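Readers should treat all values here as calculations from the given coordinates under stated rules, not as data from a laboratory. Remember, it's a predicted structure, so these values are computed and weren't measured experimentally. Cβ coordinates were reconstructed from backbone atoms using ideal geometry, including for glycine residues, and neighbour counts include every protein chain displayed.
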Amino acid sequence: MSKIIKLRKGLDINLQGKAAESLVEVPMAAEYAVSPLDYEGVTPKLLVKVGDKVKAGTPLFFDKNNTRVLYTSPVSGTVSAVNRGEKRKVLNVTVAADKEQVSEEFTALDLKKATRDEVIEMLLKSGLWTMIIQRPYGIVANPADMPKAVFVSAFDSAPLAPDFNFALKGEKANLQKGFEVLAKLAGNAPHLSLRAKSEGEMASLNGVELHTFAGKHPVGNVGVQIHHIDPINKGDIVWTVAIQDVAAIGRLFLTGKVDLHKVVALTGSEVEKPQYYRIISGAPVASIVKGNIKAQKEGDKVRIISGNVLTGKKVAEDGFISAAASQITVIPEGDKYEMLGWIAPRFGKFSTSRSYFSWLCPKKQYKLDTNLNGGPRAFVVTGLFEQYLPMDIYPMYLFKAIIANDIDKMENLGIYEIVEEDVALCEFVDPSKTEIQTLVRNGINLMIKEC
Amino acid sequence: MKGLRKIVDNVKPTFTEGGKLGFLASFFDAIETFLFVPNTTTQKGAHVRDAIDMKRTMFFVVLALIPAFLFGCFNTGSQVGLEGFAALWYGLVRVLPMLAVSYVVGLGIEIVYAQIRKEEVAEGYFVTGFLIPMIMPVSTPLWMVALGVAFAVIFGKEVFGGTGMNIFNPALVARAFVFFAFTPQMSGEKVWYSDWTMMGAQVDGVSGATALEQLATTGQMQWSAMDAFLGFIPGSFGETSTLCILLGGALLLFTGIASWRTMLSVFAGGLAFGYLFQAVGLTEFPAYYHLLVGGFAFGAVFMATDPVTSAQTNLGKYIVGFMTGALAVLVRVVNPAYPEGMMLAILFMNALAPTVDYFVVEANIKRRKNRVKLAK
């Protein structure tokens, strides 16, 4: 095993509502959804209409910008709706699930003999290709590219993140197969990053290049890990896959069936009983949240987040769990005025600044709401973002280059190495309340358009 | 709290755009957000946010200024022969008009600009307005303060786009404007002492050179180093007590609001050049005197650390800080026309800081490019 890579920068936000290590098997829900909005820059072209019968793995739509990539149904059933927003933009395609689940059949490949193209073809047809994300930019990979390497992070360090050692119990064979598939894609051993002191059984996987990381969030972000293992330079392409998706890919190649089971953690201060749930990808939020939210006082609302509090998406209670989420977080809405709050001691509030008292009790678990805690301002404070981005990047200069639409500077200052999640902590700590994740995505989209 | 909230909610429509007093929207918003942290929730990006905001940041800077401010009041009184509480009270009454003028003129201009830009009023002036009376001699006429403030806010800040966009520290711009526009009134031996006769103050014939001027001309001062450290010397209102300034500095460093890199390197730069000049025989007094007299400590703790106008990279902060301290001592020792060099040193380094940062960032870009070469 290689030496431990220790990161000094970062921040662990201690929140209430960590998931207990108990797993609930969620029964089949009535409806499942696939949304093009779960992926960056996808323009969907529908392949089904309402009333069509589909199986698990039947394509629902493809991406006009990346035409070989199919987005398939996670379950078998009947297409029940194509929901559209403004300008007829497709929001999601829902499938009413059958009682008896059937999957499209794929012939299991012998990975020793199969060519790279055959492997790619199987991933594309089954829809599991959408799990392969390209860096730079954080978009679904282009099957025509040849990546430098594939990177997988075995742990998530975000607030209240699920423990994958628990979530992936019993999936070792699938993981092993999945990594063999990934090895085929890049032609070299995939990089797998473990968390020091909780390596778990993933440390014994074969055919992967293991790395061990220690430190605070964002140490679990694959982008941060790549920066310390083999940074992305101009012209480089690497692919990343989430650890649960590696297991799903392994399952496909072992059984020839599309089986999109995954485990999500239900977390957050407003959850009655935070724990783990086994669902099928695209399941309704209500299937795990219903009846599990603490009773609220009159006028109080909660926010349900598909993902973690830093990078997740706000969803309605009748919405669906997004494809990449392995966690649902429920926290109180902060739509309340607070008299002279900026000057008060505010003992219950969490801050990285010592102008509050949260530094006195580093172990305390906080119940944070969604209040912005201030108004948007120009950048004033300096030297702060650097402490929360463990990369050799000058974040403030990069953000200013993005604001100025200066492509050369963005490239020189490291836009290829980051996606939104890597700067989420900068956004969290910023006293000027700038929308930094949105800013970075706009910068990335400009790079995609111009380069 | 609920009653007040109701009142604010009731009058709010009048002050929002389209309302009868819509042209006062920014002003109203400033008052509303002063009274209440707004109920805005996160819409994009991170769903939870750190509790710190610009208001609290700026408030803590003002809090850090309080010890030096109170000592300034006391010293103003004690320089005209008062003692104890009477001295403090005298100084407080003496400086309040200046503070009021600074805030009324400065905030007035800020609010007008915020309204024109349809933005919220930025909190930067909260600190600037407090700093300005503290770096002026106590008997500066109020109209000069008003003029200096107006010049600083308009030409030092708003023409660049407001708080966060300015190149020069606005408080120092005000000081420099007053200093250069009214040099005869702003120097000499009388301006450092209050001229108000109330409360039995002995103002007749009180005059004398500051410690800095004495050091520059004779190489000695009439006060002990301890007096200078505690602050019982004439000088600008808030700058005399190094002890009280350091107390405020400690708060700024502890809360992480000011950069320890800048602060430390300003002192290091001043001390290094002080020793250098002592070693070559240009000065006869000990080098650490530089840190105790004049505006050195005040500038190092409260002005050079201004995050907007100082260097923005960590390495840049060391460099700019060191050069600021060194330059201040250089001006003091070598230039006979200016016994005080701190103001000019900070302003000069404000102008140079972006260039220093530029080279630091260029080095990072170069590292990134070298990485490509190494990979091949």
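If I take R0 = 45 Å and measure r between the Cβ atoms of A:K89 and A:L23 in this structure, what FRET efficiency does the formula 1/(1 + (r/R0)^6) give, to the nearest 0.05? Could the numbers behind the result be given before it?
Values: r = 36 Å, r/R0 = 0.81.
Working from the Cβ atoms, E equals 0.80.
When all C-alpha to C-alpha distances in the range A:1-131 are sorted into bins of 5 Å, what percent of pairs does each bin hold, rounded to whole numbers?
Computed distribution, short to long bins: 2, 9, 15, 15, 14, 11, 11, 11, 8, 3, 1, 0.
First measure r as the distance between the Cβ atoms of B:V372 and A:M146, then evaluate 1/(1 + (r/R0)^6) with R0 = 22 Å and state the FRET efficiency to the nearest 0.05.
Numbers: r = 18 Å, r/R0 = 0.81.
Computed FRET efficiency for B:V372 and A:M146: 0.80.
Under a crude label model (7 Å from the Cα following the beta-carbon direction), how far is B:E189 from A:K197 in nanometres?
6.9 nm
What is the list of residues in the range A:249-269 whose amide nitrogen lies under 19 Å from a point 7 angstrom out from the Cα of A:F166, following Cα to Cβ?
The answer is A:262-269.
Which cross-chain or sequence-distant (5 or more) residues have an amide H under 5 Å from the amide H of A:G215, H modelled 1.01 Å from N in plane?
Residues meeting the amide H criterion: A:L7.
For chain A, what relative contact order do you get, as a whole percent, if you take Cα pairs closer than 8 Å and at least 6 residues apart?
Values: 977 pairs, mean separation 82.8, N = 451.
Once normalised by length, the contact order is 18 percent.
List the residues whose amide H sits under 5 Å from the amide H of A:F320, counting only those 5 or more places along or on another chain, with H placed 1.01 Å from N in the peptide plane.
The answer is A:V285.
Between the range A:385-427 and the range B:71-115, how many Å separate their Cα centres?
First find each Cα centre; the distance between them is then 43 Å.
What number do you get for the range B:204-268 when its Cα radius of gyration is normalised by 2.2 N^0.38 Å, N = residues?
On the way: Rg = 14.7 Å, N = 65, 2.2 N^0.38 = 10.7 Å.
Rounded to two decimals, the normalised Rg is 1.37.
Can you figure out the FRET efficiency of B:T14 with B:I116, using R₀ = 22 Å and their beta-carbon distance, to the nearest 0.05? Show your work: numbers first, answer last.
Working: r = 20 Å, r/R0 = 0.91.
That gives a FRET efficiency of 0.65.
Once you compute Rg and the Kirkwood Rh from C-alpha atoms, what is the Rg to Rh ratio for the protein assembly as shown? Could you put the intermediate results ahead of the total?
On the way: Rg = 31.4 Å, Rh = 29.8 Å.
Over the Cα atoms of the protein assembly as shown, Rg/Rh equals 1.05.
Restricting to Cα atoms and excluding each atom paired with itself, what does the Kirkwood estimate give for the range B:154-193 in Å? All intermediate terms of the calculation are to be shown ahead of the outcome.
Working: mean 1/r = 0.0882 Å⁻¹.
It is 11.3 Å.
Check which residues have an amide H placed less than 5 Å from A:E209's amide H, if you skip close sequence neighbours.
A:H191, A:L192
If you take every DSSP beta bridge whose two residues both sit in the protein assembly as shown, what share of them, in percent to the nearest 5, is antiparallel? It would help to have the intermediate numbers written out before the result.
Working: 45 of 68 bridges.
DSSP beta bridges in the protein assembly as shown are roughly 65 percent antiparallel.
Can you compute the helix-only [θ] at 222 nm over chain A? Use -39500 (n - 2.57) per DSSP H run of at least 4 residues, normalise by all residues, nearest 500 deg cm²/dmol. Could the numbers behind the result be given before it?
Working: 10 runs with 92 residues, N = 451.
That comes out to -6000 deg cm²/dmol.
Rg and Dmax of the range A:141-242 over Cα atoms: what are they, in angstrom?
13.4, 40
Return A:L123, A:L372 ranked ascending by Cβ neighbour count within 10 Å, so the fewest neighbours appear first. Before the final figure, lay out each step's value.
Values: A:L123 25, A:L372 19.
Taking fewest neighbouring Cβ atoms as first place, the list is A:L372, A:L123.
Please list, or write none, the aspartates and glutamates whose alpha carbon is within less than 15 Å of the alpha carbon of A:K364, excluding same-chain residues fewer than 8 places away.
Within the straight-line limit of under 15 Å, A:K364 reaches these aspartates and glutamates: A:D12.
What percent antiparallel are the DSSP beta bridges of the range A:4-255, to the nearest 5?
Details: 25 of 40 bridges.
If I count the DSSP bridges inside the range A:4-255, around 60 percent turn out antiparallel.
Where nothing but the Cβ of Lys and Arg (+1) and of Asp and Glu (-1) is charged, how large is the charge dipole of the range A:259-399 around its Cα centre, in debye to the nearest 20?
Numbers: 18 positive and 13 negative charges, 71 e Å.
Rounded to the nearest 20 debye, it is 340 debye.
By how many nm would the segment from A:K301 to A:T255 lengthen if fully extended, with 0.36 nm per residue of separation less the alpha-carbon distance? Could the numbers behind the result be given before it?
On the way: separation 46, 0.36 × 46 = 16.56 nm, distance 4.42 nm.
Gain on extension, A:K301 to A:T255, equals 12.1 nm.
Bin width 10 Å, origin at 0, all Cα-Cα pairs of chain B: what percent of pairs per bin?
Reading upward from the zero bin: 5, 21, 30, 23, 13, 6, 2, 0, 0.
Compare the Cα positions of A:S76, A:G127, A:S35 along the charge dipole of the range A:4-255 (+1 at Cβ of Lys, Arg; -1 at Cβ of Asp, Glu; about the Cα centre) and return the one farthest towards the positive end.
Value: A:S35.
How big is the Rg/Rh ratio for chain A, C-alpha atoms only, Rh by Kirkwood, two decimals?
Details: Rg = 21.6 Å, Rh = 22.8 Å.
Using Cα coordinates only, the ratio equals 0.95.
Counting Lys and Arg as +1 and Asp and Glu as -1, what is the net charge of the other residues whose Cβ lies under 10 Å from the Cβ of A:N371?
Values: positive: A:K336, A:K349, B:R49; negative: A:E333, A:D335, A:E338, A:D369.
Local net charge: -1.
Determine the percent antiparallel among the DSSP beta bridges restricted to chain A, to the nearest 5.
Working: 42 of 65 bridges.
If we restrict to bridges inside chain A, about 65 percent are antiparallel.
Residue by residue, what Karplus-based ³J(HN,Hα) values in Hz, rounded to whole numbers, does the range B:169-179 have, using 6.51, -1.76 and 1.60 with θ = phi - 60° and x for Gly and Pro?
4, x, 4, 6, 4, 4, 5, 5, 4, 4, 5
Output ³J(HN,Hα) for the range B:358-371: one whole-Hz value per residue in order, computed from phi by the Karplus curve 6.51 cos²θ - 1.76 cosθ + 1.60 with θ = phi - 60°, and x for Gly and Pro.
Per-residue couplings from phi come out as 4, 6, 5, 5, 4, 4, 5, 4, 5, 4, 5, 6, 5, 4 Hz.
Using the Cα centre as the reference, give the magnitude of the dipole from point charges on the C-beta atoms of chain A (Lys, Arg: +1; Asp, Glu: -1; all else neutral), rounded to the nearest 20 debye.
On the way: 55 positive and 52 negative charges, 110 e Å.
Charge dipole of chain A: 520 debye, to the nearest 20.
Mind giving me the nanometre distance, one decimal, between the label points for A:K113 and B:T355, set 7 Å out from Cα along Cα→Cβ?
With each label placed 7 Å out from Cα toward Cβ, I get 7.2 nm.
If you take the charge dipole of chain B about its Cα centre, with +1 on Lys and Arg Cβ and -1 on Asp and Glu Cβ, which of B:Y193, B:G219, B:P38 is farthest toward its positive end?
The Cα lying farthest towards the positive end belongs to B:P38.
Averaged over all directions, how much area does the convex hull of the C-alpha atoms of the range A:385-450 cover when projected, in nm²? Display every interim value, and only then the final one.
Working: hull surface 15.5 nm².
The number I arrive at for the range A:385-450 is 3.9 nm².
On alpha-carbon atoms, Rg over Rh for the range A:317-451 using Kirkwood Rh? If you can, show how the numbers build up before the last one.
Details: Rg = 17.2 Å, Rh = 17.2 Å.
Ratio of gyration radius to Kirkwood radius for the range A:317-451: 1.00.
Percent of Cα-Cα pairs more than 26 Å apart in the range A:184-327, please.
Details: 4027 of 10296 pairs.
Tail fraction, whole percent: 39.
Spin-label point model (7 Å from Cα, Cβ direction): what's the B:E284 to A:S204 distance in nm?
About 8.3 nm, to one decimal.
Would you compute, from DSSP H runs of 4+ residues alone, the mean residue ellipticity of chain B at 222 nm, taking -39500 (n - 2.57) per run and dividing by the full residue count, rounded to the nearest 500? Write out the running numbers ahead of the final one.
Values: 15 runs with 230 residues, N = 376.
Taking each H run of at least 4 residues, the total per residue is -20000 deg cm²/dmol.
Taking a temperature of 37 °C and a viscosity of 0.692 mPa s, what whole-number D in µm²/s does Stokes-Einstein yield for the range A:4-255 with Rh from Kirkwood over alpha carbon pairs? Mind showing how you got there, number by number?
On the way: Rh = 19.4 Å.
This corresponds to a translational diffusion coefficient of 169 µm²/s.
Hey, what did chain B get for relative contact order, percent, Cα under 8 Å, at least 6 apart? Each step should come with its number before you reach the end.
Working: 569 pairs, mean separation 55.9, N = 376.
It comes to 15 percent, rounded to a whole number.
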